[in-house]
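Report on the structure given below.
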Amino acid sequence: MALLFLLLLLAVSSAVSADEDAFIGVNIGTDLSDMPDPTQVVALLKNQQIRHVRLYNADRGMLLALANTGIKVAISVPNEQLLAIGQSNSTAANWVSQNVEAHYPATNITTICVGSEVFTSLPNAAPILVNALKFIQSALVASNLDRQIKVSTPLPSSIILDPFPPSQAFFNHSLNRVLVPMLSFLQSTGSYFMLNVYPYYDYMQSNGVIPLDYALFKPLPANREVVDANTLLHYTNVFDAMVDAAYFAMASLNFTNIPVLVTESGWPSKGDSHEPDATLENANTYNSNLIRHVLNNSGTPKHPGIAVSTYIYELYNEDTRPGPLSEKNWGLFDANGVPIYILRLTGSGSVLANDTTNQTYCAARDGADSKMLQAALDWACGPGKVDCLPLLQGQPCYEPDTVDAHATYAFDTYYQKNGKSPRACDFNGVAAITTTNPSHGPCIFSGSNNKNATFLNSTAPAMNSKNSGSPALQMHSNSISAAYFMIVLSFASAFLL
């Protein structure tokens, strides 16, 4: 009988097919005090060779910026729109018309996330969740887009009860009246079971039961691997255990062929005093190991070789998010596009290889006209929105106090912020791309490996015609002529067109 039970449990493995390679994507949150504009976001994505993104809305500016890039986009129906869509087929049709048909196929929309963690974040909308999924799907069918675009809803892992051992996991029974028709919908449409997996929270809430190494994908000796006594499957990390728990929970409701897509997973790089394991090192370790684990297509113990594609939470640190300090520090990059840490991804392909190998910088061109340099510097520190506070007297990049040195700092910051696009290092011919690191002394440039410089994450104040001028203008210009203003205006028009 025990052998029969074991065979039945393992038989489910063959029900989910491996029809595509796993991918790594990123979530793009927007709770930043200085949110980069969509073109800057896309420049960073292209520079980091990120080919899959998930948006928490269907922002028109982002969808336009993503057009003709080939980047695969998951868009979302925000929770605040869910009730209206779940109660009206025509509202869903209008949403698809405005946010999908208006952009597809130029923007490669592949997925629609209907709400987010609805059971826990908006429980009053749970009864109409399946209707919302069906209404969005019907609109796609009417537009002949149902074969190209999948529809699902991201769920929190907390709805899975008793997740270890994974073989005895089951869903919160009070949710089954919604989950069963939802799973039936996902199965009939060939869509994914979307799950948010956060080993950080599992570790934090385990009161020491879960070892940190087990949460971080760190190699465990054989005698420390966790074994599911029912299946004899060995688990070396929390992530795989939670994904398999989802598979077993679905199987308990007789759904065995719905693939899991992890819509959020990550680790915070900084936390409050009661969050001692929210560190740069742990965030780097988790995300580096997660990326390698997903991209090697190893699958999970229950479904070896079956893709578990995952979206990392998240692209940017979101400094305006409420809650503890860790909530603001899940990002891979700051608002300037500077890596929070250098992922350790040697041999794992090119995606998110934000290391400093073959690093390029933007510097003032040798022999450039000083007036043109000054004009370009003032444009960068003004309309270009570069944070030039480090150039002030007493700050790390004040010395040497020359227009060439200050312009190089401003040019390179603008260049890095705009994804190292060649067009971002021209400045009407007074700048050039170089592989020589211009960092000196305490002045560490944005593209450099030292991410501890205090000024890298600072935010530039707004600069306009009512200000006394940029720091560079105050340091290098005592008298301004009409010709000088014409030069500045020419830069502004050149960059804004």
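The values are calculated or read from the model by the stated rules, or taken from the named source; none is laboratory data. Computed from a predicted structure; not experimentally measured. Glycine gets a Cβ as well: all are built from the backbone with ideal geometry, and neighbour counts include every protein chain shown. Just the protein is used for accessible areas: all its heavy atoms, side chains included, with ligands, DNA and RNA removed. Shrake-Rupley method; radii C 1.70, N 1.55, O 1.52, S 1.80 Å.
Any residue at all in the stretch 296-311 that's of a type in the set (Val, Ile, Thr) and either open to solvent by 30 Å² or more (accessible area, probe 1.4 Å) or over 20 Å from the mean Cα position of the chain (by Cα) (or both)? Checking the stretch 296-311: at least one residue is of a type in the set (Val, Ile, Thr) and either open to solvent by 30 Å² or more (accessible area, probe 1.4 Å) or over 20 Å from the mean Cα position of the chain (by Cα) (or both). Evaluate the stretch 236-248: report whether one residue or more is in contact with a Pro (Cβ under 7 Å, 6 or more places away or on another chain), in a loop (DSSP other than H, G, I, E, B) and farther than 22 Å from Tyr311 by Cβ. No, the stretch 236-248 contains no residue that is in contact with a Pro (Cβ under 7 Å, 6 or more places away or on another chain), in a loop (DSSP other than H, G, I, E, B) and farther than 22 Å from Tyr311 by Cβ. Consider the stretch 435-450 and keep the residues that are open to solvent by less than 40 Å² (accessible area, probe 1.4 Å) and more than 17 Å from Asp34 (Cβ to Cβ). The one that is modelled with the lowest pLDDT is Ser448.
May I ask you to list the residues in the stretch 179-197 that are open to solvent by 10 Å² or more (accessible area, probe 1.4 Å), in contact (Cβ under 8 Å) with a residue 12 or more places away in the chain and not in a loop (DSSP other than H, G, I, E, B)? Of everything in the stretch 179-197, those that are open to solvent by 10 Å² or more (accessible area, probe 1.4 Å), in contact (Cβ under 8 Å) with a residue 12 or more places away in the chain and not in a loop (DSSP other than H, G, I, E, B) turn out to be Val180, Pro181, Ser184, Phe185, Gln187, Thr189. Of all residues in the stretch 119-135, those satisfying the criterion of being within 25 Å of the chain's Cα centre (by Cα) and assigned to a helix (DSSP H, G or I) are Phe119, Thr120, Ser121, Leu133. I'd like to check something: does the stretch 198-208 contain any residue that is within 30 Å of Asn108 (Cβ to Cβ) and either in a loop (DSSP other than H, G, I, E, B) or among the aromatic types (Phe, Trp, Tyr) (or both)? Yes, the stretch 198-208 contains a residue that is within 30 Å of Asn108 (Cβ to Cβ) and either in a loop (DSSP other than H, G, I, E, B) or among the aromatic types (Phe, Trp, Tyr) (or both). Residues in the stretch 77-94 include at least one that is open to solvent by less than 20 Å² (accessible area, probe 1.4 Å), touching a strand residue (DSSP E or B) at 6+ places or on another chain (Cβ under 9 Å) and assigned to a strand (DSSP E or B).
Out of all the residues in the stretch 202-232, which are within 19 Å of Glu275 (Cβ to Cβ) and more than 23 Å from the chain's Cα centre (by Cα)? Within the stretch 202-232, Gln205, Ser206, Asn207, Gly208, Val209, Ile210, Pro211, Leu212, Asp213, Tyr214 meet the criteria. Residues considered: Gln374, Gln474. Of these, the only one that is open to solvent by 60 Å² or more (accessible area, probe 1.4 Å) and either at pLDDT below 85 or over 27 Å from Leu45 (Cα atoms) (or both) is Gln474.
Residue-by-condition table, conditions (1) β-branched (Val, Ile, Thr); (2) touching a residue at least 40 places away in the same chain (Cβ under 8 Å):
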{"residue": "Val209", "(1), (2)": "yes, no"}
{"residue": "Ala241", "(1), (2)": "no, yes"}
{"residue": "Ala249", "(1), (2)": "no, yes"}
{"residue": "Asn254", "(1), (2)": "no, no"}
{"residue": "Thr300", "(1), (2)": "yes, yes"}
{"residue": "Pro304", "(1), (2)": "no, yes"}
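Name the single residue, out of those in the stretch 145-159 being open to solvent by 20 Å² or more (accessible area, probe 1.4 Å) and either under 19 Å from Gly86 (Cβ atoms) or at pLDDT below 95 (or both), that is nearest to the chain's Cα centre (by Cα). Out of the qualifying residues, it is Lys150. I'd like the full set of residues that are within 15 Å of the chain's Cα centre (by Cα) and modelled with pLDDT of 95 or more, limited to the stretch 262-288. Scanning the stretch 262-288 gives Val262, Thr263, Glu264, Ser265, Gly266, Trp267, Pro268, Ser269, Ala283, Tyr286, Asn287. Within the stretch 382-403, the set of residues being surrounded by 18 or more Cβ atoms within 10 Å (Cβ to Cβ) and out of contact with any His (no Cβ under 9 Å at 6 or more places or on another chain) comprises Gly382, Gly384, Lys385, Val386, Asp387, Pro390, Pro396. Contact annotation: residue pairs with Cβ atoms under 9 Å, 6 or more positions apart or on different chains, pairing a residue in the stretch 364-383 that is under 13 Å from Ala431 (Cα atoms) with a partner that is basic (Lys, Arg), are Leu373/Arg365.
If only residues of the stretch 1-54 that are modelled with pLDDT under 70, farther than 22 Å from Tyr192 by Cβ and open to solvent by 50 Å² or more (accessible area, probe 1.4 Å) are counted, the one that is farthest from the chain's Cα centre (by Cα) is Met1.
Filtered by the rule that a residue be open to solvent by 60 Å² or more (accessible area, probe 1.4 Å), touching a strand residue (DSSP E or B) at 6+ places or on another chain (Cβ under 8 Å) and touching a residue at least 24 places away in the same chain (Cβ under 8 Å), the stretch 162-173 gives Phe164, Phe170.
For the stretch 249-288, filtering for residues that are part of a helix (DSSP H, G or I) and either surrounded by 19 or more Cβ atoms within 10 Å (Cβ to Cβ) or at positive phi (or both) leaves 10.
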